[in-house]
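One structure is given here, and the rest of the page talks about it.
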Amino acid sequence: VLSHGADAVLLAHLPVSDCYNREPTAIPEDADLADILARTHKSRQTEFPVLTEDGQVVGMVTQESLREAVENQRNLAGVVLAADLAQPQFDRVTPDDTLLTALRRFGARDVDYLPVVRSDDPNRLVGMVSRQDLLATYERALTEEGH
């Protein structure tokens, strides 16, 4: 809906840097199930980047994979690590990408969160952007333009 006409023009002028969370909940790749659940329990995020020790994104843990792990917790406790739950295929954006680019990537994979990575290092996490943050930034920009 937003990716056409005047909406697209406005989104194409707004950078991801205007709305991403610079301190997202992330999970170390060697975290066990108990640690994963402890880290994600109080977060408002529904998808989580899994990181190497030096901050490289190796994948994303989705709400669905977390739910499945919890349902099988008795069998998986002590066996499954975050790296096992992480989806290795994921889209990402940089702070310099436009909100239009981010919106298209949300739609391409039907996700609500995208990792934000450095433009010079596509695996180095600098934050997360949510579909909700993007829409709030878009609405603020519309209000400022007097629409």
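The values are calculated or read from the model by the stated rules, or taken from the named source; none is laboratory data. Please read all numbers here as calculations on a predicted model, not as lab measurements. Virtual Cβ from ideal backbone geometry, glycine too; neighbours counted across all protein chains shown. Quick note on the areas: whole protein, heavy atoms, side chains included, nothing else; ligands and nucleic acids left out. Shrake-Rupley method; radii C 1.70, N 1.55, O 1.52, S 1.80 Å.
Annotations
- Applying both filters, DSSP loop and at most 15 other Cβ atoms within 10 Å, to the trypsin sites (Lys or Arg not before Pro) of segment 1-70 gives ARG22, LYS42, ARG44.
- Rounded accessible area of VAL126 (nearest 10 Å², 1.4 Å probe): 40
- The chain - percent relative contact order, Cα under 8 Å, separation 6 or more: 30
- The residues of segment 1-65 expose on average 54 square angstrom of accessible surface per residue, using a 1.4 Å probe on protein heavy atoms.
- Helical runs (DSSP H, four residues minimum) scored at -39500 (n - 2.57) apiece and divided by the length of the chain put the mean residue ellipticity at 222 nm at -11000 deg cm²/dmol.
- Candidate values (i) 16.4, 56; (ii) 15.2, 43; (iii) 23.6, 79, label of the one derived for Rg and Dmax of the Cα atoms in Å: (i)
- Stokes-Einstein D in µm²/s, Kirkwood radius over Cα pairs - segment 93-147 at 10 °C with 1.306 mPa s viscosity: 134
- By a 1.4 Å probe calculation restricted to protein chains, HIS13 has an accessible surface near 140 Å², given to the nearest 10.
- Solvent-accessible area of GLU29 with every protein chain in place, 1.4 Å probe, in Å² to the nearest 10: 70
- Among the protein heavy atoms of the chain, carbon and sulfur supply 46% of the accessible surface, probe 1.4 Å, non-protein parts ignored.
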